[in-house]
1. What's the angle, to the nearest 10 degrees (0 to 90), between helix A:59-73's Cα axis and the longest principal axis of chain A?
2. For helix B:176-186, report the angle its Cα long axis makes with the longest principal axis of the Cα atoms of chain B; keep it between 0 and 90° and round to the nearest 10°.
3. Using the Karplus curve 6.51 cos²θ - 1.76 cosθ + 1.60 with θ = phi - 60°, what ³J(HN,Hα) values do you get for each residue of the stretch A:216-223, in whole Hz, with x for Gly and Pro?
4. Using a/c under 1.5 as the rounded threshold, could you call chain B rounded, prolate or oblate? The axes a ≥ b ≥ c are square roots of the C-alpha gyration tensor eigenvalues, and prolate needs a/b larger than b/c, oblate otherwise.
5. So what does B:Thr88 come to for accessible area, using a 1.4 Å probe and Å² rounded to 10?
6. Evaluate the distance, in nm, between pseudo-label points positioned 7 Å from the Cα of A:Met227 and of A:Ala206 along their respective Cα→Cβ axes.
7. With equal scatterers on the alpha carbons only and no solvent term, can you work out the Debye log10 of I(q)/I(0) for the stretch A:15-119 at 0.21, 0.25 1/Å?
8. Output wanted: per-residue J couplings in Hz (rounded whole) for the stretch C:31-44, from phi through Karplus 6.51 cos²θ - 1.76 cosθ + 1.60, θ = phi - 60°, x for Gly and Pro.
Amino acid sequence: MNYNWDWSVFFKSTGVGSETYLDWYISGLGWTIGISIVAWIIALILGSVLGVMRTVPNRIVSTIATVYVETFRNVPLLVQLFIWYFLVPDLLPDNLQEWYKQDLNPTTSAFLSVVVCLGLFTAARVCEQVRTGIQALPRGQESAARAMGFKLPQIYWNVLLPQAYRIIIPPLTSEFLNVFKNSSVASLIGLMELLAQTKQTAEFSANLFEAFTLATLIYFTLNMSLMLFMRLIEKKVAVPGLISVGGK
Amino acid sequence: MDFSGVIPAIPGLWNGMIMTLQLMVMGVVGGIVLGTLLALMRLSPSKWLSRIAGAYVNYFRSIPLLLVITWFYLAVPFVLRWITGQDTPVGAFTSCVVAFMMFEAAYFCEIVRAGVQSISRGQMGAAQALGMTYGQMMRLIILPQAFRKMTPLLLQQSIILFQDTSLVYTVGLVDFLNSARSSGDIIGRSNEFLIVAGLVYFTISFAASRLVKLMQKRLAV
Amino acid sequence: MISIKNINKWYGDFQVLTDCSTEVKKGEVIVVCGPSGSGKSTLIKCVNALEPFQKGDIVVDGTSIADPKTNLPKLRSRVGMVFQHFELFPHLTITENLTIAQIKVLGRSKEEATNKGLQLLERVGLSAHAHKHPGQLSGGQQQRVAIARALAMDPVVMLFDEPTSALDPEMVNEVLDVMVQLAHEGMTMMCVTHEMGFARKVADRVIFMDKGQIIEDCVKEEFFGDVSARSERAQHFLNKILQH
């Protein structure tokens, strides 16, 4: 079997308009980054709220957060995506349903579903990290803040969270990287992100190995650069003499 | 919502679940074997072995599983043709199992490595002082202790893989999720079947992780 | 039996052992003492090559450790070692701890190994615990098992690395008793320990180390005899340790 290696394939025309395969990758990468950032913002905000809820001295509040985490952690991401994409729109009130199914173009509706899905899925994991971070702090911190007359929200906002976030930067980084990797499920509901464009390139050009090599390289580079970036941030926000950072 | 169509579909769903479990078990077993080898390479005194294993782990941990599944599905037949020189038909099942094994090995490697490193250095010294070779020390003394410690983590990772097997949807393999999707589509009740699928996955994963937690508590005592 | 010749060892730029030389003859009992961080544990671990060294050589029963052709596992199987933290294998029963190396390293049959192991367990007075796991034994009992485990290999020499310093005070003597008995039987022993009573009772020679160097290396009577004839650092150490 002879396979025609051709690394210049990315600069060739796809036969669709005047686009080259490289253009496909660029647009795919754009969607991947877009999905990931929006989903991450949702995850970070919701996850932090849930994480705080899990540590609050109130049974009902912490139970709500626990139920949320267990639910979103124990259902496969793909099932969740199908639920958001196929099932939830059917449950919407009629006028919203019409808007989602008819007025929105298919790409936008897929994008909406995937960012909501990924955001809520990741929030459960962020929640666990935030909770771990808060619980890792010495109990004396909360008592000291209470002794100074802070109210509970002030304790969290001024004392606990600023310390907890610093501790959990490494695990949060890996969650962020997971969002990038998980965003590839969007290809299964027809959103042309990086993986979908890779598949399409492989099929159109018959240069399967080149197509996937480029995709892995992009994911790999993205991962590594984000990791380095987060390490910089970690150093930047480190409190001198409090938490040891990187190095070792 | 009408769930009455679910009962007659149970045999089909059951077959799908068998497929899901097969994928998971083979992925876990292969992944642990390969991952242990990788961990031993990473911890070995040889710089080169350690670097190769490190590169493998870094590589597979930075790309999506879905990409690995898709790529292997398309590439394994090609590669086999190069090796054997003839058309060797490879089913989607085989390529998916290979993908899971190789992908999970990277994650299992890190678990095993941490497990081995958690065993005190004194144990290594004692084993060596009794005249054991590196291989005997690892096989008889270090790994048995490390595996005991990391069983909960290995099981948790297996539960994650149980959920992730649903990604074989992309190559059309009829696992549990896909059998639920198609059973639902046939009778026009895809939403109901989606809910059932979600509930089943939830129940199994939730129960399994509860068991792992119980076990962890037992081990800690 | 053991000949240590000009051993030098560095951790990076930091020199932990400087020109250490001494001889241990067959049947001799040597006690190595010195303040913590003096390099005494490191030196004794060099004898069975658990710690590598950069310069010098150690010859154990005719086998050179620095020689790259030496089969280290084989050499180690003939040198018994007892550790500060016992280092019994927690996943194995006491019997298995005593037999595993006999079977896997020396190639003895399971039966032979078990007989030998149980015999030694009897000798350290712990026969009743054969089927337990190490975690179920007290520290003193664990250390006695560890001594039996090392003896099961029929070693030509025994190394002890602070065998009593991780023990509660009331358990120190049960371990020292076993060691004294061993010394009386003519075992060649090299012991890193602070137990000066033990040194007085059975040692032939005492080595005092400080800052990676051997400062004193003399017969017991001399070491404990006229303290004022000792080096300043040894006097300082002895004063501290013998005060009570």
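The values are calculated or read from the model by the stated rules, or taken from the named source; none is laboratory data. The shown structure was predicted, so the numbers you read here are calculated from the model rather than taken from an experiment. With ideal geometry, Cβ positions are generated from the backbone for all residues, glycine too; neighbour counts draw on all protein chains shown. Surface areas here come from the heavy atoms of the whole protein model, side chains and all, with no ligands, DNA or RNA. Shrake-Rupley method; radii C 1.70, N 1.55, O 1.52, S 1.80 Å.
1. 20 degrees
2. For helix B:176-186, the angle is close to 10 degrees.
3. 4, 4, 5, 4, 4, 4, 4, 4
4. Here chain B falls in the oblate category.
5. Estimated to the nearest 10 Å², B:Thr88 gives 50 Å².
6. 3.8 nm
7. Rounded to two decimals, the profile gives -1.15, -1.25.
8. Karplus values, whole Hz, x for Gly and Pro: 9, 10, 10, x, x, 5, x, 7, x, 5, 5, 4, 4, 5.
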